[in-house]
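This report refers to the structure that appears directly beneath it.
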Amino acid sequence: MGSPLHPAVETYLGLPGYTYGWAILIIGLALFCYTLQRRWVLIRSGKADPRFSLITKRLRGLFVYGIFQKRQPRYSWAGVIHILIFWGFVVLGLRSLDLVTQGLGLPLLRPLMETGFGPVYNTLKDVFELIVLGTCVWAILRRALIRHSRYEGSHTFEAHFVLGLIAFLMLTDMFYDGSAQVLGAPDGGWLPASHGAAGILWGSGPGFVRGVHAWSYWLHLLTFFFFLNFLPLGKHFHIITALPNVFLRKLTKGAIKPARWDAADLEELDSLGIEGFEDFTWKHILDCFTCTECGRCSDNCPAQSIGRPLSPKMITLKVRDYGYDKVPVFPFRQGKAQDEAPSLIGEVVSHDEIWSCTTCGACEEECPVFIEYIDKMIDMRRHLVESAQNPSSFNKVFMNVEKTGNPFGKPAGKRAEWLKELETIPVKLLKQGDEVDVLYFVDSYGSFDPAAQRIASAVVKGLYKAGIDFGILGPREKDSGHQVRRMGEEGLFQLLMEENMETLESVGFNTIITTDPHAFNTLKKDYPGSLNVLHYTQFFQPLIEQGLLKPGKALKGNDICTYHDPCYLGRHNGVYNAPRRILHSIPGLRLVEMARARDRSFCCGGGDIVLWHEIEQEEMRMAEMRVQMARAAGATVMVTACPFCFIHFEDAIKTGGLEEHIRVVDLMELFISTEEEA
Amino acid sequence: MNIVVCVKRVPMTQDVDLEIDGSGKEVKKEDLAYVINDWDNYAIEEAVIIKEKTEGTVTAVTVGGEDDEEVLRRALAMGADRAIRIDPGAFILDAFVLSKVLAETIKDLEYDLILTGVQADDDNCGAVGVMLAEHLGISHAAVVTSVEPQGDQAAVRVELEGGMDEVSRISLPALFTVQTGINEPRYVSILGIRKAGKKELRVIGIQDLNIQEEALSPRLIVEEAFLPPKTGGAEILSGDPSAVAEEILRILREKGVNI
């Protein structure tokens, strides 16, 4: 026997094989283009969203997170499986192109395959076929045997079906090559997959082997185009959209998107925020297409963990399905979609889901394909606030912030009264034209809340002891607006920002420091003008290491500390090491890490909505769960660097009756207390 | 149903250490923040709710300077259709003068119902609404906790003393002074208020109203304003919360409170 005839050259029902090849290609591509066009209509219906800045940064991310899949191994086994299948696709893509073009009678890749590259590639291809096949079996078993809660609400059948399709593609290719070997094709070197298939076929009659050869080829081709058309119908659309989505990802973590990218004057707009599908930006619609339903977002969502009615994954899926119903691929679904379409906000996505989010960013940190949630949440909240559907408890808070510059409704004139506690330490109240090295932005809680005032006092003591030339704005300072922006009151945020910017421009300073990671984040990310803003941990860490500020006595007792990363310091701004280095500078301090630390830190409950609105459906407070985590790590002291974390933990410890077992302290207070004891 | 709502802008005095100004007759107001009077906020909401049910228009009216237009814009943002500000110039406004000025403005408007707050958070007279009804010669009900329009009448519930409520049917036109809690006033965003700037806001000078000088002289003359004198008797407990609680209990028992 010599080389077998290529299946595309043989005749079937009187027509040469490549006519069928062309038919499959044309029909397959036409249907695929049609589906993509339907999806494109949805993308085009979205609002403006500039995503083409900083191309090099985007490309770098595309390689790190897209090609090298850096986030995948955050879930080790699933990550390994995915990376192997992904790389299998990359390697086998060339093979698919080769097979498809062969079927057209245009073997474009043959010349390449006949060079030295051919045998090397064939071996590589065979190895990856086996890897992908094995991985598919592994993945199917993994899903079948272990019920991961994060897959709840995901399309499990689709997952199995697609894994089966991929496995089938591998098998047909193995048997295509294997049958060719049995039929006498020249040996192409070490080809473990096709050799294996040949082994199975060895001894079968030549007619059967020829049949296997032809059928495995055509089934492979048909499956390939079926798979291509199946992708945009479900979660496997990500095979096409994930890399673009990673490339187009948000580059400014922590910042909130403007209400509209394409409207300078918000007053001219009829509505604000997200009410209908077309109010999402086009990129946020692409997010929905890209969701792989892996559920890592919800698995890490603190709101989900404590039983609130929020699952980030389900938000994406519900919005996606809502969009797909609006512009269906199958036209007969149109009638159903148009007649009784539920309202997006209220029915598809409930108000409680929208208010359950603490904007902690755990979901976004985890998502392997960089789907955004916070901006969508805020846009939905903007709609609720602008249409007076916000929780009524916000009304007073917003009114207070507008009128007095703080959520408590305290007179602006009393904003610096907390300084009285400091007695001997002089603090400059900055007036127009004053100049200092460091401007300490205290914000509303630091100015008026007793617990936050103590932390503010510790910061002032640190500044004073380190000999820093500093001042505060006092009555001229307004709330930073971090909260109101994230509660959806964009106009009020703009007002606060304008007033604060005017004040900041009236004084001279080199650096702004804050106690509150939220104020730090908003001044740095939401305010214009690239202010040089540091959180106090970033500011003091080098001073301590240079010896300009020294810890006092070593800590006594058997306390074991753990450090809780505040969301807006850690995840949103990447400050993980400065606070830990300050802790290490304190002699005698023993530090343990919680299982959820650094970028997997677990939100305390948050610094905005939770203060004024309770989500009724929850099993426990976030802070309560976090305190449990600290205790599980063996800690007796929770150290944090955010007044809101402090307030929530203190409350959870008290209500849980755990005062005997654990306490919470702010890092600066802890540091200064060692000095005071000395 | 056409509704007129009278609103007022008042200073926020919570936690403020009030001071008396140089004249010795007034509170220093320069550093105070101003908001819509809370009762009036409920009155606007009630007017808008009734309008949404029965159609018609809502007109918000205030007496005050340019700064006071802010509360009118808020009312417009909440759903009022137009607003009127009567500029009082240099006239001193007590409840009588205020109600007279309002009456002269409102009498030429088409209205079925006038809503005001029970009282204003600054001087707490609680008199303007009732006096306005008298000037206009229409029925009124004070401290209203529910309004149900029924044709040319309205069923109103009013709060009486001792936890009693009274429901009456009143022929329209009538004036009701609205109690807080009658509804949940909607939030109007900053952008909403700015957008409401496009709605009609008419300004009338007090001299344009046909009011005799005599009616514009205040009936209430403040002789002196002073802070309450500091007296003894206050005891501030400090220390451990549980010990403080114990101490409070002891004092209460000692004073004869039956716990």
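The values are calculated or read from the model by the stated rules, or taken from the named source; none is laboratory data. Since the structure is predicted, the reported quantities are computational estimates derived from the model, not experimental observations. Cβ sites come from the backbone with ideal geometry, for glycine too, and all protein chains shown count toward neighbours.
Residue selection: residue A:485 satisfies the criterion of being closer than 18 Å to residue A:400 by Cβ and of a type in the set (Lys, Arg).
In segment B:200-219, the qualifying residues are those that are in contact (Cβ under 8 Å) with a residue 40 or more places away in the chain, surrounded by fewer than 16 Cβ atoms within 10 Å (Cβ to Cβ) and under 16 Å from residue B:62 (Cα atoms), and the one that is farthest from the other protein chains (Cβ to nearest Cβ) is B:207.
For residue A:525, the conditions (1) surrounded by 21 or more Cβ atoms within 10 Å (Cβ to Cβ); (2) among the basic types (Lys, Arg); (3) under 23 Å from residue A:610 (Cα atoms) all hold with the exception of (1). Screening residue A:453 with (1) farther than 25 Å from residue A:259 by Cα; (2) in contact with a strand residue (DSSP E or B) (Cβ under 8 Å, 6 or more places away or on another chain); (3) more than 14 Å from chain B (Cβ to nearest Cβ) gives one miss only, at (2). Considering only residues in segment A:470-500 that are touching a Leu at 6+ places or on another chain (Cβ under 9 Å) and surrounded by fewer than 20 Cβ atoms within 10 Å (Cβ to Cβ), the one that is nearest to residue A:382 (Cα to Cα) turns out to be A:494. When each of B:166, B:134 is tested for being in a helix (DSSP H, G or I) and either under 17 Å from the mean Cα position of the chain (by Cα) or away from every other protein chain (no Cβ under 14 Å) (or both), the lone residue that passes is B:134.
For segment B:48-67, filtering for residues that are closer than 21 Å to residue B:104 by Cα and surrounded by 21 or more Cβ atoms within 10 Å (Cβ to Cβ) leaves 6. Scanning segment A:465-524 for residues that are among the aromatic types (Phe, Trp, Tyr) and either in contact (Cβ under 8 Å) with a residue 40 or more places away in the chain or away from every other protein chain (no Cβ under 14 Å) (or both) returns A:470, A:509, A:520. Scanning segment A:392-407 for residues that are more than 15 Å from residue A:613 (Cα to Cα) and within 9 Å of another protein chain (Cβ to nearest Cβ) yields a count of 6. Have a look at A:435, A:386, A:423 and point out the one that is free of Cβ contacts under 8 Å to residues at least 24 places away in the same chain, acidic (Asp, Glu) and farther than 30 Å from residue A:600 by Cβ. Of the residues listed, the single one that is free of Cβ contacts under 8 Å to residues at least 24 places away in the same chain, acidic (Asp, Glu) and farther than 30 Å from residue A:600 by Cβ is A:423. In segment A:65-76, the residues that are in contact (Cβ under 8 Å) with a residue 60 or more places away in the chain form Cβ pairs under 8 Å with partners that are in a helix (DSSP H, G or I) and acidic (Asp, Glu), at six or more places apart or across chains, as follows: A:71/A:366; A:74/A:366.
Here residue B:228 meets the list (1) at pLDDT 90 or above; (2) away from every other protein chain (no Cβ under 14 Å) almost entirely, failing just condition (1). Checking each residue in segment A:188-214 for being within 24 Å of residue A:101 (Cβ to Cβ) and without any contact (Cβ under 8 Å) to a residue 12 or more places away in the chain picks out only A:211.
Residues that are in contact with a Gly (Cβ under 6 Å, 6 or more places away or on another chain) and within 13 Å of chain B (Cβ to nearest Cβ) were ranked within segment A:408-430; the one that is farthest from residue A:496 (Cα to Cα) is A:415.
Do we have residue B:40 as within 23 Å of residue B:88 (Cα to Cα), within 14 Å of chain A (Cβ to nearest Cβ), surrounded by 13 or more Cβ atoms within 10 Å (Cβ to Cβ) and not hydrophobic (A, V, I, L, M, F, W, C) here?
yes
Residue by residue, here is whether (1) part of a helix (DSSP H, G or I); (2) closer than 30 Å to residue A:599 by Cα; (3) not aromatic (Phe, Trp, Tyr) holds:
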{"position": "A:69", "(1), (2), (3)": "no, yes, yes"}
{"position": "A:79", "(1), (2), (3)": "yes, yes, yes"}
{"position": "A:84", "(1), (2), (3)": "yes, yes, yes"}
{"position": "A:92", "(1), (2), (3)": "yes, no, yes"}
{"position": "A:96", "(1), (2), (3)": "yes, no, yes"}
{"position": "A:100", "(1), (2), (3)": "yes, no, yes"}
{"position": "A:112", "(1), (2), (3)": "yes, no, yes"}
{"position": "A:122", "(1), (2), (3)": "yes, no, yes"}
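Only one of the numbered conditions (1) within 14 Å of another protein chain (Cβ to nearest Cβ); (2) out of contact with any Pro (no Cβ under 9 Å at 6 or more places or on another chain); (3) under 23 Å from residue B:88 (Cα atoms); (4) not in a helix (DSSP H, G or I) is violated by residue B:109, and that is (1).
Only one entry of B:156, B:222, B:178 meets the criterion of being surrounded by 16 or more Cβ atoms within 10 Å (Cβ to Cβ), under 29 Å from residue B:13 (Cα atoms) and touching a residue at least 12 places away in the same chain (Cβ under 8 Å), and that entry is B:178. Could we say that residue B:102 is modelled with pLDDT of 95 or more and more than 16 Å from the chain's Cα centre (by Cα) here? No, not satisfied.
Among the residues of segment B:181-191, is there at least one that is over 30 Å from residue A:269 (Cβ atoms), among the small types (Gly, Ala, Ser) and within 14 Å of another protein chain (Cβ to nearest Cβ)? Yes: segment B:181-191 contains one or more residues that are over 30 Å from residue A:269 (Cβ atoms), among the small types (Gly, Ala, Ser) and within 14 Å of another protein chain (Cβ to nearest Cβ).
Checking each residue of segment A:170-191 against the condition of being under 19 Å from residue A:88 (Cβ atoms) and in contact with a Pro (Cβ under 7 Å, 6 or more places away or on another chain) gives no match. Taken together, A:652, A:623, A:641 contain a single residue that is in contact with a Cys (Cβ under 6 Å, 6 or more places away or on another chain) and among the small types (Gly, Ala, Ser), which is A:623.
Residues that are basic (Lys, Arg) and buried (at least 24 other Cβ atoms within 10 Å of the Cβ) occur in segment A:604-626; there is at least one.
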